[in-house]
Amino acid sequence: MSTIPAPANTTLTATDAYTAAQAEQDASARHATRSFRIWRGAEGTGEFVEYKQDVVEGMVVLDAVHEIQATQANDLAVRWNCKAGKCGSCSAEINGNPKLMCMTRLSDLDAEKPVTIEPMRAFPHVRDLVTDVSWNYRVKQSIQPFTPRAPDAPDGTWRMQQADVDRVQEFRKCIECFLCQDVCHVLRDHHKQDEFIGPRFLVYAAALEMHPLDTADRVPALRHEHGIGFCNITKCCTKVCPEHITITDNAIIPLKERVVDEFFDPIGKLVKIFSRRKQE
Ligand code: SF4
Ligand code: SF4
Ligand code: FES
């Protein structure tokens, strides 16, 4: 039976030494203890509670919150569903910025400072990280729904230009996370919930108004009931949208232009009425 001979020279070469040091450094980067300040409390009252949590490379903020919930704070309330940036449930304010917890990597946040996690401020607080966003669903119901024209062909189908279809596709990416509503100063700071529908629903109204088959006219409501005039195009909503919808440039500004055309440009209004009648 043959035996494997021991290596003649066991001294590490410069390359081996570098690799070992690098591996040790990589291992310590993969495992670290981070500090978290999480808002705890109910119905608008509460305080930040500090937690230390071991984290590993690749974790997102929602992972850390789940670890803390599992090991240190079983009663911590947090809303989430998909953990894939698609359900819009895990919205919160992370280090003061409206973000999805499941799409915010810990490695993108300053490791020297605690990660601050608090509920969205524009909506009534329920408990810990959970807010009551039901106002948004009531707003949606107040917007005139899709009203298609009669079919273009006897088989009940329609004909549309691809460019017209493409124009509204961007708006359909919305996941209703309401981060844009949270950051909008008209709702957040001025509390105009009774007079202004907010950027999410201006996107929704734009998707309907620009739909090539739709025949309804939502422009008077946008001006009078939905408060589009409150928006002063600060673009904060566009900056926080996780779906990168160009809320202000592609939805709000064209809707504002329609309000101007309808209420302050009588010739343009007549042309619009005439072309709509021809379609019907
Ligand atoms: S651009 Fe308008 S809707 Fe968007 S955050 Fe600013 S004020 Fe609100
Ligand atoms: S428009 Fe963007 S930020 Fe606003 S609710 Fe939809 S996905 Fe969220
Ligand atoms: S859990 Fe669904 S978007 Fe974050």
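The values are calculated or read from the model by the stated rules, or taken from the named source; none is laboratory data. Only a predicted model underlies this, so the values are computations on that prediction, with no experimental measurement involved. Neighbour counts run over all protein chains shown; Cβ positions are idealised from the backbone, glycine included.
When we screen Arg258, Arg172 for residues that are more than 23 Å from Met103 (Cβ to Cβ) and assigned to a helix (DSSP H, G or I), the only hit is Arg258. Let me confirm something: among Val186, Val165, Val126, which residue is within 15 Å of ligand 2 (Cβ to nearest atom) and not in a loop (DSSP other than H, G, I, E, B)? Only one candidate qualifies: Val186. Looking only at residues of segment 119-138 that are more than 16 Å from ligand 3 (Cβ to nearest atom) and surrounded by 21 or more Cβ atoms within 10 Å (Cβ to Cβ), we find that the one that is nearest to Val78 (Cα to Cα) is Phe123.
Quick check: is even one residue across segment 109-120 within 16 Å of ligand 2 (Cβ to nearest atom), touching a helix residue (DSSP H, G or I) at 6+ places or on another chain (Cβ under 6 Å) and at pLDDT 95 or above? Within segment 109-120, one or more residues are within 16 Å of ligand 2 (Cβ to nearest atom), touching a helix residue (DSSP H, G or I) at 6+ places or on another chain (Cβ under 6 Å) and at pLDDT 95 or above. Here segment 208-239 is the region considered, the condition is being hydroxyl-bearing (Ser, Thr, Tyr) and in contact with a His (Cβ under 9 Å, 6 or more places away or on another chain), and the residue that is nearest to ligand 3 (Cβ to nearest atom) is Thr238. Can you pull out the residues in segment 163-178 that are buried (at least 18 other Cβ atoms within 10 Å of the Cβ) and away from ligand 1 (no atom under 16 Å from the Cβ)? Val168, Ile175 - these are the residues of segment 163-178 that are buried (at least 18 other Cβ atoms within 10 Å of the Cβ) and away from ligand 1 (no atom under 16 Å from the Cβ).
Do the conditions hold for Phe201, that is, is it in the same structural domain as Gln69 (by TED's automatic domain parsing), modelled with pLDDT of 95 or more and either surrounded by 16 or more Cβ atoms within 10 Å (Cβ to Cβ) or not in a helix (DSSP H, G or I) (or both)? Considered against the rule, which asks whether it is in the same structural domain as Gln69 (by TED's automatic domain parsing), modelled with pLDDT of 95 or more and either surrounded by 16 or more Cβ atoms within 10 Å (Cβ to Cβ) or not in a helix (DSSP H, G or I) (or both), Phe201 comes out as no. Look at segment 59-79: where a residue is assigned by TED's automatic domain parsing to the domain that holds Gly41 and a partner is surrounded by 14 or more Cβ atoms within 10 Å (Cβ to Cβ) and acidic (Asp, Glu), sitting 6+ places away or on another chain with Cβ atoms under 7 Å, you get Leu76/Asp128; Ala77/Asp128; Val78/Asp128. Comparison of Pro242, Pro254 shows that the only residue that is within 16 Å of ligand 3 (Cβ to nearest atom) and at pLDDT 95 or above is Pro242. When the residues of segment 77-96 are filtered to those that are in contact with a helix residue (DSSP H, G or I) (Cβ under 8 Å, 6 or more places away or on another chain) and within 14 Å of Cys241 (Cα to Cα), the one that is farthest from ligand 3 (Cβ to nearest atom) is Glu93. Scan segment 69-86 and tell me whether some residue there is acidic (Asp, Glu) and over 23 Å from the mean Cα position of the chain (by Cα). Looking through segment 69-86, at least one residue is acidic (Asp, Glu) and over 23 Å from the mean Cα position of the chain (by Cα). Checking each residue in segment 55-97 for being assigned to a strand (DSSP E or B), away from ligand 2 (no atom under 16 Å from the Cβ) and closer than 13 Å to Val115 by Cα picks out Val55, Val60.
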